[in-house]
Amino acid sequence: MTMTTKTPLSAIAQAFEELSEFLGCQMKDEELRLDTFSDACSLVSVLFSCLGLAFKFAEMEYVAKVRDLVEASKRFATLENVLDLDVANGTVKKRGSQSRNLRRVRQGLDLIRALFEEFLSSEDYSLRDAASTAYAQVCAPYHTWAVRTAVSAGMHTLPTREQLLLKLNETDHTAEKKMRRYIEASRPVIAYIDKLYISRKITLDW
Ligand code: 1PW
């Protein structure tokens with residue numbers, strides 16, 4: 001078999017590199033488009049679907065919120081437009097609002113970034129340990145006790161490193177470079193999203 005088919009990880013790395021490149025050459029006043037952004041986030045959904053049955057709810061949570069953003073991109077051109085409307089309506093933190101969905105999806109992107117960092121930090125590190133550490137860093141502080149408990153129970157059902165790589169059609173070697181590309185590229189994207197809130201005096205403690 002030739003290696004010409006694009007794996008999910010290649011697609012994710014490439015999509016986020018395009019986003020970060022766009023943000024890097026921002027002398028123009030052009031803002032990040034919601035459709036471009038949410039399409040990139042849709043690619044990340046594949047990773048959540050590798051988590052197994054116990055994480056079905058985590059997958060559904062992320063996928064549903066990304067789908068909401070994709071849907072919203074028919075009405076809103078940019079991420080800034082989303083925030084501005086919710087600020088005007090006082091609905092930034094309201095359940096189901098697009099600004100709240102964006103905040104949740106941002107957490108998902110950061111979770112995957114932290115997971116990749118942990119995953120690459122040692123080859124003897126199980127996916128469960130890598131995921132537990134990443135979750136504790138990125139998401140746990142913002143989740144209720146009930147969600148944290150469900151997640152920690154689910155951790156025991158995660159696939160092994162080898163099973164995950166197999167599902168992603170990667171080897172340790174091929175995955176490493178792509179994970180590093182995502183880690184680097186996602187940082188400025190995440191920082192950009194945070195700035196959208198901070199510049200509107202919205203704290204990030206939720
Ligand atoms: C291969 C990838 C491995 C990653 C493993 C890490 C486990 C993922 C755990 C994520 C758990 C999400 C649980 C749901 C949290 C909800 O409280 C929250 N939704 C989200 C997406 O943050 C509810 O948001 P809402 O509807 O109140 O705005």
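The values are calculated or read from the model by the stated rules, or taken from the named source; none is laboratory data. Please read these numbers as outputs of a predicted model, since none were measured by experiment. No Cβ is skipped: glycine too gets one built from the backbone with ideal geometry, and neighbour counts run over all protein chains shown. Side chains are part of the model used for accessible areas, which takes the heavy atoms of the whole protein and leaves out ligands, DNA and RNA. Shrake-Rupley method; radii C 1.70, N 1.55, O 1.52, S 1.80 Å.
Structure values in brief
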| read-out | value |
| --- | --- |
| Ser49-Ala88 FRET efficiency (beta carbon distance; Förster radius 22 Å; 0.05 resolution) | 0.05 |
| Residue pairs, from the table Lys74/Lys178; Lys93/Lys177; Lys56/Lys93, whose Cα atoms sit over 27 Å apart | Lys74/Lys178; Lys93/Lys177 |
| Sum of side-chain charges, Asp129 neighbourhood, beta-carbon under 11 Å (Lys, Arg +1; Asp, Glu -1) | 0 |
| Fully extended contour minus Cα-Cα distance, from Arg95 to Arg187, at 0.36 nm per residue | 30.5 nm |
| Accessible area of the chain divided out per residue, in Å², using a probe of 1.4 angstrom | 53 Å² |
| Under 15 Å from the Glu61 label point (7 Å along Cα→beta-carbon), backbone N, the stretch 166-206 | 206 |
| Semi-axis lengths (Å, descending) of the ellipsoid that matches the C-alpha gyration tensor of the chain | 28, 21, 15 |
| Base-10 log of normalised Debye intensity for the stretch 155-206 (one unit scatterer per alpha-carbon) at q = 0.18 Å⁻¹ | -0.74 |
| Rounded Å value of the spacing that divides the Cα centres of the stretch 182-206 and the stretch 120-162 | 22 Å |
| Distance (nanometres) between label positions extended 7 Å along Cα→Cβ at Glu30 and Glu80 | 1.4 nm |
| Over the chain: helical MRE at 222 nm, DSSP H runs n ≥ 4 each giving -39500 (n - 2.57), nearest 500 | -22500 deg cm²/dmol |
| Global geometry of the stretch 48-150, whether rounded, prolate or oblate, following the gyration tensor of its Cα atoms and the 1.5 cut on a/c | prolate |
| Within the accessible area of the chain (1.4 Å probe), percent carbon and sulfur | 56 percent |
| Packing-based order for 163-172, 137-146, 108-117, using average beta carbon neighbours within 10 Å, highest first | 108-117, 163-172, 137-146 |
